[in-house]
Amino acid sequence: MGKILDIIIKTVAVLLLLFLLYCCTFGHEFGMKQVNKIIGMYHVNQGDKAFKKHNMQDAINSYQAGLKLFPEHYEAWLNLGNIYVAYEDYYSATQAYENAILAKDNYTVARMNLGIITAEKLGDFDSAIEQYQAIINAKNHLISIPFIYDNKKSETANKAIAYYNMGKAYSQKALYLPKDKKIEKKELLSKSAEAYENAVNIVKDNYNMFYNLALTYHLLGDYGKAGQFYCDAINVGPMNYEAHYNLGLMLKHLHQDTYAIDELEKASVLVTSNHSRYIFDILSTVSMDALKKGLPSKVSELKKDDEVNSDKNRKEKSVKDEEKNSNNAEIDDESVSLVNGKVYVGDETDPAVINNFRKCNSRILFDSK
């Protein structure tokens, strides 16, 4: 046994010596690269330690020193980019993220961060869309080992986020166009809506995705789809005021004053104090218009319309019955609180309260379209 171990040690020593001789002669360039890689990894490790301790300048210095010797370290480029973002040096951050992608083409996190920075901070929407499309098109190896490792869900979620961010980039680009570019603006908003729809087809319980999709169709003038997706957003996030408010405004525009009052009243309860007066003014105007027209001020008081088909009547009856059961629900002060002027619900909130906000009574107007 001792002789075998001795032979192994001598063999390893000889191979190491031959490797060193190769690096010093014919493989000098290769040898220097390995040495630089080792030294570079040391500096990167020092940068990681400084980064964890929030010593950002030390981290920058260490990462820069390490990446100068070992530029293929994509995680170091990512961390360096994130630090530059913290310092609001977006051009340097962009360069760092681009270097990370050069080192690893399918680096989803770097592409996502690069897309967000170029769109949100630099206004380069086309470059951002290009990054999101690359994430969507990427064919990463999906590995699923029960109870050990599974990247299928994360890859699917990343594609949903990429579609969502792409939708935002298209809509932002559209809003920056001059008013006379109506055709181009409509094309961009249509692309935005398509991207958002792809996102909600993957992630079906995200308020922001549904809300932005509804808002995009609202801007396009497709009130049927806008109404459906506002209702979907309300169903997912009933305690967010934006969907209630925008739906209320749209219903006001469609002369559906009773339904508009229903949504605006909910928005007025949920809104932050900075916007409450504006919403109350609109609510007051709609309520006065409804009063002048002799319309009911409550959804539960809506009368049947004899000219509406029987199927729609059944839907309206169902809505009325539900409204009767929960119309008098009150907010429990112990389970619903105000934080910075916005309503937050606690674990003990009466489900009737949340269900009351979740109801989108005007859905019957859009489902039939």
field: Whole-Å distance, taken between Cα centres, linking the stretch 222-253 and the stretch 94-119
entry: 35
- prompt: Of Lys159/Lys359; Lys139/Lys173; Lys104/Lys159, which ones are farther than 20 Å apart at the Cα?
  reply: Lys159/Lys359; Lys139/Lys173
message: Placing unit charges on C-beta atoms (Lys and Arg positive, Asp and Glu negative, everything else neutral), compute the dipole magnitude of the stretch 57-213 about its Cα centre in debye, rounded to 20.
response: 520
query: Which FRET efficiency value, to the nearest 0.05, is calculated for Asn355 and Ile7 with the Förster distance at 56 angstrom and r the Cβ-Cβ distance?
result: 0.10
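Output the pairs from Lys153/Lys204; Lys204/Lys252; Lys168/Lys204; Lys49/Lys121; Lys53/Lys121 with a Cα-Cα distance over 21 Å in this structure; if there are none, say none.
Values: Lys153/Lys204 14 Å; Lys204/Lys252 28 Å; Lys168/Lys204 18 Å; Lys49/Lys121 29 Å; Lys53/Lys121 27 Å.
Pairs exceeding 21 Å: Lys204/Lys252; Lys49/Lys121; Lys53/Lys121.
At a 10 angstrom cut-off on C-beta neighbours, averaged per residue, how do the peptides 261-268, 89-96 rank from highest to lowest?
Details: 261-268: 24.1, 89-96: 18.0.
Final packing ranking: 261-268, 89-96.
Coordinate-derived values only; no laboratory data. Remember, predicted model here, so these are calculated numbers, not experimental data. Here the Cβ is made from the backbone with ideal geometry for all residues, glycine too, and neighbour counts use every protein chain on show.
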